[in-house]
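Have a look at the structure below, then the notes.
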Amino acid sequence: MASQPSLKDLRSREYLKKSNSGYTHSRLWESSKSTQVTTLRLDKDFFTYLDKQKGPKGRRSNRVVGSTPDESFVQRGRRASEYSHQLRKELSRLFTMELDTLVVMLYQNPNYKSGLKKAHPVRLPDLSFAMNELVEELVLRDERLIDHPVFKKMWAPAMCRLLEIRSMYQPN
């Protein structure tokens, strides 16, 4: 059974962890017991944006400093493959960003349409409830946003378009 966290849950310490570069997702985003595999169809340029990001591209172990004779300090599970870890990180940042900034980004792209898409399966909690709450909060800020082309489809495509728009304003 996949969990359906609310927007408040995604902004809590349970779903967020402090990293060297700000906040990122916790292990709850990856747990096979509480998540499901969701295929995100994102613009190919978004994957170019991910490739240009600084820092390590995969998940790192929290092994203690120094040599360890056994494997007791290695986190269980395999490394995140390809873009999965980065996508979860970008999604956690999307759900925790300032709403006013997101409103400005949407107004600067009133007719946004993504280009050629690339599908990538990623293990995520069911973000439909949180996405609906985010849209409601945005509409409360400005009711004209309900007609924005980003929100014409269901929650997953809308979430992908928001990631793409957000990436256009991030430094590489």
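For segment 114-124, the set of residues classified as part of a strand (DSSP E or B) and either under 16 Å from residue 163 (Cβ atoms) or among the hydrophobic types (A, V, I, L, M, F, W, C) (or both) consists of 117, 118, 119, 120, 121, 122, 124, listed by residue number. Pairing each residue of segment 10-32 that is closer than 11 Å to residue 125 by Cβ with any residue that is modelled with pLDDT of 75 or more and of a type in the set (Phe, Trp, Tyr), provided the two are 6+ apart or on different chains, yields C-beta distances under 6 Å for 10/95; 26/15; 28/15.
Among the residues of segment 146-169, those that are crowded, with 18+ Cβ neighbours inside 10 Å and more than 16 Å from residue 92 (Cα to Cα) comprise 148, 150, 151.
Of all the criteria given as (1) over 22 Å from residue 15 (Cα atoms); (2) within 16 Å of the chain's Cα centre (by Cα), the one not satisfied by residue 162 is (1). Test residue 108 against the stated conditions and say whether it is under 20 Å from residue 43 (Cβ atoms), out of contact with any Pro (no Cβ under 9 Å at 6 or more places or on another chain), surrounded by fewer than 12 Cβ atoms within 10 Å (Cβ to Cβ) and modelled with pLDDT of 90 or more. So residue 108 fits the description; yes. Looking at this structure, is residue 87 closer than 21 Å to residue 33 by Cα and of a type outside the set (Asp, Glu)? For residue 87, the condition - closer than 21 Å to residue 33 by Cα and of a type outside the set (Asp, Glu) - is met.
Residue by residue, here is whether (1) part of a helix (DSSP H, G or I); (2) without any contact (Cβ under 8 Å) to a residue 24 or more places away in the chain; (3) over 17 Å from residue 25 (Cα atoms) holds:
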{"site": "88", "(1), (2), (3)": "yes, no, no"}
{"site": "92", "(1), (2), (3)": "yes, no, no"}
{"site": "102", "(1), (2), (3)": "yes, no, yes"}
{"site": "106", "(1), (2), (3)": "yes, no, yes"}
{"site": "112", "(1), (2), (3)": "no, no, yes"}
{"site": "126", "(1), (2), (3)": "no, no, no"}
{"site": "133", "(1), (2), (3)": "yes, no, yes"}
{"site": "137", "(1), (2), (3)": "yes, no, yes"}
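Residues in segment 122-172 that are within 25 Å of residue 84 (Cβ to Cβ) and of a type in the set (D, E, K, R): 7 in all. Does segment 118-159 hold any residues that are over 22 Å from residue 10 (Cα atoms), touching a helix residue (DSSP H, G or I) at 6+ places or on another chain (Cβ under 9 Å) and among the hydrophobic types (A, V, I, L, M, F, W, C), and which are they? Passing the criteria: 145, 146. Taking segment 86-105 as the range and being crowded, with 19+ Cβ neighbours inside 10 Å and within 9 Å of the chain's Cα centre (by Cα) as the test, the residues that pass are 86, 87, 88, 89, 90, 91, 92, 94, 95.
The C-beta contact set for segment 148-172 (first residue free of Cβ contacts under 8 Å to residues at least 40 places away in the same chain and under 11 Å from residue 42 (Cα atoms), second residue part of a loop (DSSP other than H, G, I, E, B) and among the small types (Gly, Ala, Ser), distance under 9 angstrom, 6+ apart or interchain) is empty. Does residue 71 satisfy the criteria of being surrounded by 11 or more Cβ atoms within 10 Å (Cβ to Cβ), assigned to a loop (DSSP other than H, G, I, E, B), out of contact with any Lys or Arg (no Cβ under 7 Å at 6 or more places or on another chain) and modelled with pLDDT under 90? Considered against the rule, which asks whether it is surrounded by 11 or more Cβ atoms within 10 Å (Cβ to Cβ), assigned to a loop (DSSP other than H, G, I, E, B), out of contact with any Lys or Arg (no Cβ under 7 Å at 6 or more places or on another chain) and modelled with pLDDT under 90, residue 71 comes out as no.
Residues in segment 111-128 that are loosely packed, with under 15 Cβ neighbours inside 10 Å and of a type in the set (A, V, I, L, M): 2 in all.
The values are calculated or read from the model by the stated rules, or taken from the named source; none is laboratory data. Remember, it's a predicted structure, so these values are computed and weren't measured experimentally. Here the Cβ is made from the backbone with ideal geometry for all residues, glycine too, and neighbour counts use every protein chain on show.
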